[in-house]
1. When a footprinting reagent is the concern and you count Cβ atoms within 10 Å, what order do V12, V21 take, fewest first?
2. Counting only helical runs of four or more DSSP H residues, what would the 222 nm mean residue ellipticity of the chain come to if each run contributes -39,500 (n - 2.57) and the total is spread over all its residues?
3. I need the shape label for the chain. Rule: rounded when a/c is under 1.5, else prolate if a/b > b/c, else oblate, with a, b, c from the alpha carbon gyration tensor.
4. Can you list residues whose amide H is under 5 Å from V12's amide H, if they're 5+ apart or on another chain and H is modeled 1.01 Å from N?
5. Give the calculated FRET efficiency between L59 and K19 to the nearest 0.05, with a Förster radius of 35 Å applied to their Cβ-Cβ distance.
6. Using a Gaussian network model of the chain whose springs link C-alpha atoms within less than 10 Å, name the residue from R24, R41, R50 with the highest mean-square fluctuation.
Amino acid sequence: MSLIASRKLNSVEPWASLKDVFTRPPTKSTTSDLDSLLPDRWLADNPTHRSTIADRRKLERK
């Protein structure tokens, strides 16, 4: 649950992000390599997977 929640908090489409992270070969070894898998940094490399659900909910509340 925390994997999905952290992605939602960072406006990342959870399923696209997790699929990409879990299907990569385990070649990441340095801290900076592993940091690239964090939701906010993953989104910077994959901007087309920005989740708009949170934005839609904010508009609905107004």
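None of the figures in this text is laboratory data; all of them are computed from the coordinates on show. Quick caveat: nothing in here was measured; it's all calculated off a predicted structure. Don't worry about glycine lacking a Cβ; one is built from the backbone with ideal geometry, like all the others, and counts go over all protein chains shown.
1. In increasing order of surrounding Cβ atoms, one gets V21, V12.
2. On the way: 5 runs with 39 residues, N = 62.
It lands at -16500 deg cm²/dmol.
3. prolate
4. Excluding prolines and chain starts, which carry no amide H, the hits are S51.
5. In this case the efficiency is close to 0.80.
6. R24
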